[in-house]
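J.: Questions regarding the structure given below will be posed in turn.
The values are calculated or read from the model by the stated rules, or taken from the named source; none is laboratory data. What you are looking at is a predicted structure, and each value in this text was computed from that prediction instead of being measured. Here the Cβ positions follow ideal geometry from the backbone for every residue, glycine too, while neighbour counts run over all protein chains shown. Side chains included, ligands, DNA and RNA excluded: accessible areas come from the protein's heavy atoms. Shrake-Rupley method; radii C 1.70, N 1.55, O 1.52, S 1.80 Å.
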Amino acid sequence: MTLLITIIAACIATAVWYAKDSRDTYKLGTLSLIYWGASLMWLMDFVFEYAELKTEYFSQSFADILNDSLLGVTVVTLGFVAWMIILLIKDPKGVFKAKLTRK
């Protein structure tokens, strides 16, 4: 589930980046890369875990599926928070700079 959730988030972020952010104002490309990097990490985790467990991998308990889902949501949320921090530091519209320089 973690892999599936991060791939969905990566596809959505990439589609929004491709459709809306032509001037890279909001750094949506960075958000896409964060999610695609997480997806690649979970893909490698899947490959190695499947190599170890074989068909037992597909017979997980409900608790395992729930834990994987919560982990996926956590990864997507932390990626979003990291992107927000990058966006606040870059300050593309100059909002914080204007507030700090106004006296």
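J.: Can you name the residue in region 47-73 that is within 16 Å of ALA9 (Cβ to Cβ) and either of a type in the set (A, V, I, L, M, F, W, C) or open to solvent by 90 Å² or more (accessible area, probe 1.4 Å) (or both) and, of all such residues, is farthest from the chain's Cα centre (by Cα)?
T.: For region 47-73, the residue satisfying everything is LEU70.
J.: Determine whether region 18-37 contains at least one residue that is over 25 Å from ASP91 (Cβ atoms), open to solvent by less than 50 Å² (accessible area, probe 1.4 Å) and out of contact with any His (no Cβ under 7 Å at 6 or more places or on another chain).
T.: For region 18-37, residues over 25 Å from ASP91 (Cβ atoms), open to solvent by less than 50 Å² (accessible area, probe 1.4 Å) and out of contact with any His (no Cβ under 7 Å at 6 or more places or on another chain): absent.
J.: Of the residues ASP24, ASP64, ASP45, only one is modelled with pLDDT under 95 and at positive phi; which?
T.: Going through ASP24, ASP64, ASP45 in turn, just one is modelled with pLDDT under 95 and at positive phi: ASP24.
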